[in-house]
Amino acid sequence: MDKITFCIPSKSNLRYLKTCIPSIRKNAFRNDHDITVFVDQDEDGTLKWLGKVSKEYNVKILVNPNLGESLYGIGKAYDKCIQDATTDVVMVFHADMMLGKHADKKAYDLLKAKTAVCSTRVEPPLHPNNGEKIIRDFGMWPEEFQSDAFDQFVETQLDETKITEGIFATWMVYREEFLAIGGHDPILKSCREDSDVFNRMLLAGFTFKQPWNSLVYHLTGRGAGSFSGDEKRHQEWQKEMNNSTKEFIRKWGSNVLHEPLMKPIVAPKYNIGIIAVNCNEKLIEVLEPWCDLLRVDCDFTNYIKEEQPNTAFDLSERVVKYQNDNKFTDIFITIDGEKFSNEDFQYIQQMSQIIEQSASKGEVYHLGNLVVKVNSKIEYQQNLINI
């Protein structure tokens, strides 16, 4: 196989890197792959350790230019590693992962133009499995990683021929094809950035392949903070996840959608306006991410003041006073805040799929307490491919 570049962001991930990097050098098909680590945060001596071992493991170190002041974000960190790479092929890797024997070669064997190849995760029994990964306990923390037992398990899987269409880190692509769609979206700093880029890859014509003989052991979100066992890191991650989820919805008009085996589903993106009468600030908070224009009959200045720092979207363009104006959107949804129910909100969350499957141009529909008028069914998701 050709030489590739492993791209690894680190946010005070020293304890994970100490296990991750040696696993790449031990188990990769080639022992001369490039490894690039982007240090986004260093509160644990990451840079000091990398400086000591960079020659031994042949690691290139990139550093957040504002280290200690602000975070670059995992998406931008990946993009910096990829832009800096000198190989044609790059492999996005997490600091809390360990490479299985020849996982690089097994993935590379399936790599073609406009293809993203995803290694299969082996994880400890912490999270539900819909069939997209393998549950085996080889340790909950990097210091407990049972490398010999994992290696033995990997040996039993090397002749596996199963291939599915999942996409999740770690994944391998041709560098130039990834950069051609603009990399990761910077509005999704450290959460949902992967779901966004997978949607865009799918729309750009990428094929996803997940070989089940290319294995990585994944400690399930320890590096990012999604694992609740690290309380401080988890609280920071939860806040960022909440904000990024709203950004994703504002952009795509739907939640993250995928098949059970992790192939993305992209719902149509429509131009939706909501008119909310008898509205209040709480209802604004609920509705605003789910439409392109929210027209309300109550004061919204406090909502914009509190929420604007959390979003890259201009909320003054998204929330306006309802004055019987003629602001146009392709689809109008009218809501009475005094009657709005949980069932109505479920309709709002599924509106893209409902319109795609059931609505016709020029018709008016009643869904629960919602009145939906469809002026046009123009879809805009293809406009979201490139950054």
- Across the range 193-217, the tally of residues that are closer than 15 Å to residue 381 by Cα, open to solvent by 10 Å² or more (accessible area, probe 1.4 Å) and either touching a Gly at 6+ places or on another chain (Cβ under 8 Å) or hydrophobic (A, V, I, L, M, F, W, C) (or both) stands at 4
- Note on the structure: Within the range 176-192, of all residues that are touching a helix residue (DSSP H, G or I) at 6+ places or on another chain (Cβ under 7 Å) and open to solvent by 20 Å² or more (accessible area, probe 1.4 Å), the one farthest from residue 90 (Cα to Cα) is 187
- Item | Sole residue being open to solvent by 70 Å² or more (accessible area, probe 1.4 Å), among the acidic types (Asp, Glu) and out of contact with any Leu (no Cβ under 7 Å at 6 or more places or on another chain), chosen from 330, 299 | 299
- Message: If I ask for residues that are charged (D, E, K, R) and under 21 Å from the mean Cα position of the chain (by Cα), which ones from the range 1-21 would you list?
- Response: 11
- Message: Need the failing condition index for residue 61 against (1) open to solvent by 20 Å² or more (accessible area, probe 1.4 Å); (2) within 15 Å of residue 5 (Cβ to Cβ); (3) not in a strand (DSSP E or B); (4) not charged (D, E, K, R), just the number.
- Response: (3)
- Every residue from the range 26-58 that is of a type in the set (Ser, Thr, Tyr) and either touching a Pro at 6+ places or on another chain (Cβ under 9 Å) or open to solvent by 40 Å² or more (accessible area, probe 1.4 Å) (or both): 57
- Given the conditions (1) under 25 Å from residue 175 (Cβ atoms); (2) without any contact (Cβ under 8 Å) to a residue 40 or more places away in the chain, which single one is not true for residue 42? (1)
- Message: Just the residues that are over 17 Å from residue 100 (Cβ atoms) and either acidic (Asp, Glu) or open to solvent by 50 Å² or more (accessible area, probe 1.4 Å) (or both), please, taken from the range 141-175.
- Response: 141, 143, 144, 165, 174
- Residue check, residue 273 against (1) over 29 Å from residue 192 (Cα atoms); (2) in a strand (DSSP E or B), all met but one. Which one? (1)
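The values are calculated or read from the model by the stated rules, or taken from the named source; none is laboratory data. Keep in mind that this is a model prediction, so the values were computed, not measured. No Cβ is skipped: glycine too gets one built from the backbone with ideal geometry, and neighbour counts run over all protein chains shown. Side chains included, ligands, DNA and RNA excluded: accessible areas come from the protein's heavy atoms. Shrake-Rupley method; radii C 1.70, N 1.55, O 1.52, S 1.80 Å.
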